Amino acid sequence: MLKLFFPHLCCGCDRRLSDGSQVLCVNCQNELPICFPKNIKDNAFVRQFYGRLLIESAFTLLRFEKTNLTQRLLHQLKYKGQQQLGVFFGLRMGSMLRQLKPATHFDLIIPVPLSNKRKRKRGYNQVEKFAQSLGQQLNSPVNSKALIRRDSRHSLVKLGRSSRFKREHHFEVNHKLELSVNMHILLVDDIVTTGATLEACAKVLLNKGDFKLSFATIAISE
């Protein structure tokens with residue numbers, strides 16, 4: 001009876017979902033602009049950090065363009081409380097990663113944090129469900145409190161690269177985080193544009209020890 005008055009709608013097109021569907025209708029799933037790389041160690045995402053960071057691998061699930069389906073879905077995830085999209089994307093990416101040969105193992109998955117102020121306002125960090133779902137698929141632990149974001153005044157999105165780098169100190173490693181040498185850490189975010197946010201988080205982590213570091217995002221802006 002509840003479904004009659006409050007039907008589940010597709011996050012992509014707002015059409016009523018058929019039984020068994022939870023997030024996206026079949027049509028929207030088929031229209032997803034998947035761009036998961038065939039080689040996670042050598043691709044455009046990895047090359048974006050040449051001369052800036054030494055990373056093990058980097059991979060993303062969707063191509064982001066203004067007005068495309070990815071933009072709508074990330075908006076739903078980030079601002080409309082549709083956290084089940086994070087779960088969906090984590091399951092999808094995890095399934096693709098498990099099919100790669102040789103298999104890649106991550107000792108720890110860390111989502112990029114929000115400031116406490118922004119998280120209180122939004123009510124959640126849109127990256128956490130993605131990280132948790134991915135961790136379940138890969139049998140890797142997730143620590144959502146590993147990094148702390150101190151900057152609550154401005155978003156990094158509209159800043160130039162030089163201005164972003166000046167804000168690196170606003171990310172800190174939680175003093176309770178236990179890290180061991182030669183760990184392989186996967187740092188995850190919702191979207192990569194210039195890569196400045198991932199780089200800022202990566203540098204504070206790498207200052208704490210000698211680790212292998214990889215990146216994963218739901219989407220990439222090309």
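Choose one answer from SER180, SER57, SER133: the residue with the largest mean-square fluctuation in a GNM of the chain with alpha-carbon springs under 10 Å.
Fluctuation is largest for SER180.
Compute the normalised compactness of the chain: alpha-carbon radius of gyration over 2.2 N^0.38 Å, N being the residue count. Please report the intermediate quantities before stating the final value.
Values: Rg = 17.5 Å, N = 222, 2.2 N^0.38 = 17.1 Å.
Taking N as the residue count of the chain, the ratio is 1.02.
Taking amide H atoms as placed 1.01 Å from N in the peptide plane, list the residues 5 or more away in sequence, or in a different chain, whose amide H sits under 5 Å from that of LEU9.
It is LEU17, by chain and number.
Would you look at the GNM of the chain, springs on alpha carbons closer than 10 Å, and say which of LEU85, LEU32, LEU100 moves the most?
Residue with maximal mean-square fluctuation among LEU85, LEU32, LEU100: LEU100.
How much length would be gained if the chain were fully extended between ASP42 and ASN30, taking 0.36 nm per residue of separation minus their Cα-Cα distance, in nm to one decimal? Each step should come with its number before you reach the end.
Working: separation 12, 0.36 × 12 = 4.32 nm, distance 2.64 nm.
Separation in residues times 0.36 nm, less the Cα-Cα distance, equals 1.7 nm.
Could you pull out the longest piece of the chain with no exposed loop chymotrypsin sites (Phe, Trp or Tyr not before Pro) in it, calling a site exposed if DSSP puts it outside H, G, I, E, B and it has at most 15 other Cβ atoms within 10 Å?
On the way: sites that count: TYR50, TYR124.
Free of exposed loop sites, the longest segment is 125-222.
Considering Cα pairs under 8 angstrom that are at least six residues apart, work out the relative contact order of the chain and quote it in whole percent.
Values: 366 pairs, mean separation 48.0, N = 222.
That works out to 22 percent.
Based on alpha-carbon centroids, what's the gap between region 174-189 and region 60-77 in Å, whole number please?
Going from one Cα centre to the other spans 28 Å.
Each residue of region 31-43 in order: what ³J(HN,Hα) in whole Hz does its phi give by Karplus 6.51 cos²θ - 1.76 cosθ + 1.60, θ = phi - 60°, with x for Gly and Pro?
For region 31-43, the Karplus-derived couplings read 8, 4, x, 5, 9, 4, x, 6, 10, 6, 9, 9, 7 Hz, x marking Gly and Pro.
With springs only between Cα atoms under 10 Å apart, run a GNM on the chain and tell me which of LYS129, LYS203, LYS176 wobbles the most.
LYS176
Just so you know, all these numbers are worked out from the coordinates, no wet-lab data involved. None of these values were measured; they are calculated from a predicted model. Here the Cβ is made from the backbone with ideal geometry for all residues, glycine too, and neighbour counts use every protein chain on show.
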